[in-house]
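The values are calculated or read from the model by the stated rules, or taken from the named source; none is laboratory data. Computed from a predicted model, the values in this text were never measured in an experiment. Cβ placement follows ideal geometry from the backbone for every residue including glycine, while neighbour counts extend to all protein chains displayed. The protein model used for the area step is the full one, side chains on, heavy atoms only, and it has no ligands, DNA or RNA in it. Shrake-Rupley method; radii C 1.70, N 1.55, O 1.52, S 1.80 Å.
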Amino acid sequence: MATPRPLITTRFDAASTADEVVAGVDLSGIRAVVTGASSGIGRATATSLARAGAEVTLAVRNTVAGREVAQDIARSTGGRGGVHVAALDLADRAAVTGFVRSWSGPLHLLINNAGVITPGPARTPEGWELQFASNHLGHFALSLGLRAALAAGARERGGARIVSVSSTAHMRSPVVFDDLHFARRAYDPQAAYAQSKTANSLFAVEATRRWAADGIVANTVNPGGVATGLQRHFTQRQKDYLADAEAAGVFTYKTPGQGAATTLVAAVAPEFARTGGHYLDDGREAHTVPNDAELFDNSHGVKEWAIDPDTARELWTVSLGLIGGDDAP
């Protein structure tokens, strides 16, 4: 039996902040896109990237709010690299296509941060379950569309990175291929969110396999428990579950800056410059746990179903079929 490789560690931990991760790092000349950057973890991520000198594009649904955030970031960071705002609704295929077509030049960092949670059934015009459509398929199409820009960025700087923001919630559900959109099973918003977060992780596994030769690597991060705008749509059941998890010590609430720290580790730490397909938690690669492991006992691990390469390939193929895309292995 082969000896398991050591997990990748860094000097950062649960208490680290995004600003601490980029301290002393010069990102001048780096172009970054952060989805969902008008609040919460996305805003903290964009702010720290800008503080380190990156040129940051805030990809947001609400451009009015986005412009206000961009102004705040520019004021607080000195606007070294530049902060831009672009409209992006990940659940709208035309909007994703429009963002991709408007992008010009190389891209070095793509932070797939945005996410939605719905309290009940919601669908896109295609009939897709909204959480899966927005959290996974939208980011999948965006990444696919920006692949050439990322490859150009990799040639320019010796590598490009994608960061896919997942969640401990991935432990609650695999990707259910025979009923992705809850056509037959009873709708459970928690299961739907969990499925989308597992998909986020699987995307990083297969994106790295397909695109590493172009110098592009993708990793997944669990930001931990952060109170953000996502929770505003929670049902009472979801709120109770979160309260029970906190009381059981599954997590301790972090600030947005602490929640963004692991994203910044995946984005700029040298330990992850040339390797992808990993799931990070609290600034380091997480240990793998069996699919039947209890979430409350394994909140800092990653389930096998979220990093399985065969499942990742199947999801990629299915996702391409849904969005009508084309990408060679």
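If the condition is being touching a strand residue (DSSP E or B) at 6+ places or on another chain (Cβ under 6 Å) and assigned to a loop (DSSP other than H, G, I, E, B), then region 90-116 contributes LEU107, HIS108, ASN113, ALA114. Restricting the first member to region 65-93 and to residues that are closer than 30 Å to TRP128 by Cβ, and the second to residues that are charged (D, E, K, R), the beta-carbon pairs closer than 8 Å and six or more apart or on different chains are VAL69/ARG43; HIS84/GLU55; VAL85/ARG67; ALA87/ARG61; LEU88/ARG61; ASP89/ARG61; ARG93/GLU126. Quick one: is VAL60 within 19 Å of the chain's Cα centre (by Cα), farther than 22 Å from GLU156 by Cβ and open to solvent by less than 10 Å² (accessible area, probe 1.4 Å)? It is true that VAL60 is within 19 Å of the chain's Cα centre (by Cα), farther than 22 Å from GLU156 by Cβ and open to solvent by less than 10 Å² (accessible area, probe 1.4 Å).
The set of residues in region 191-229 that are β-branched (Val, Ile, Thr) and modelled with pLDDT of 95 or more comprises THR198, VAL205, THR208, ILE216, VAL217, THR220, VAL221.
Condition check for TYR187 on (1) in a helix (DSSP H, G or I); (2) hydroxyl-bearing (Ser, Thr, Tyr); (3) under 27 Å from ASP310 (Cα atoms): one failure, at (1).
Being aliphatic (A, V, I, L, M), over 18 Å from ASN222 (Cβ atoms) and in contact (Cβ under 8 Å) with a residue 40 or more places away in the chain is the filter here; which residues of region 8-33 pass it? Outline the logic, then answer.
Of region 8-33, the ones aliphatic (A, V, I, L, M) are 8, 14-15, 18, 21-23, 25, 27, 30, 32-33.
Going one step further and asking which of them are over 18 Å from ASN222 (Cβ atoms), we end up with 22-23, 25, 27, 30, 32-33.
Residues satisfying the conditions are VAL22, VAL25, LEU27, ILE30, ALA32, VAL33.
Just to be sure, is PHE182 among the aromatic types (Phe, Trp, Tyr) and either open to solvent by less than 20 Å² (accessible area, probe 1.4 Å) or under 23 Å from GLU285 (Cα atoms) (or both)? Give the derivation first.
Numbers: among the aromatic types (Phe, Trp, Tyr): yes; either open to solvent by less than 20 Å² (accessible area, probe 1.4 Å) or under 23 Å from GLU285 (Cα atoms) (or both): yes.
In short, yes.
Could you check region 32-50 and list, in sequence order, the residues that are in a strand (DSSP E or B) and open to solvent by 10 Å² or more (accessible area, probe 1.4 Å)?
Pass one, region 32-50, residues in a strand (DSSP E or B): 32-35.
Result: no residue meets the conditions.
Restricting attention to region 195-223, the residues being part of a helix (DSSP H, G or I), among the hydrophobic types (A, V, I, L, M, F, W, C) and surrounded by 23 or more Cβ atoms within 10 Å (Cβ to Cβ) number 6.
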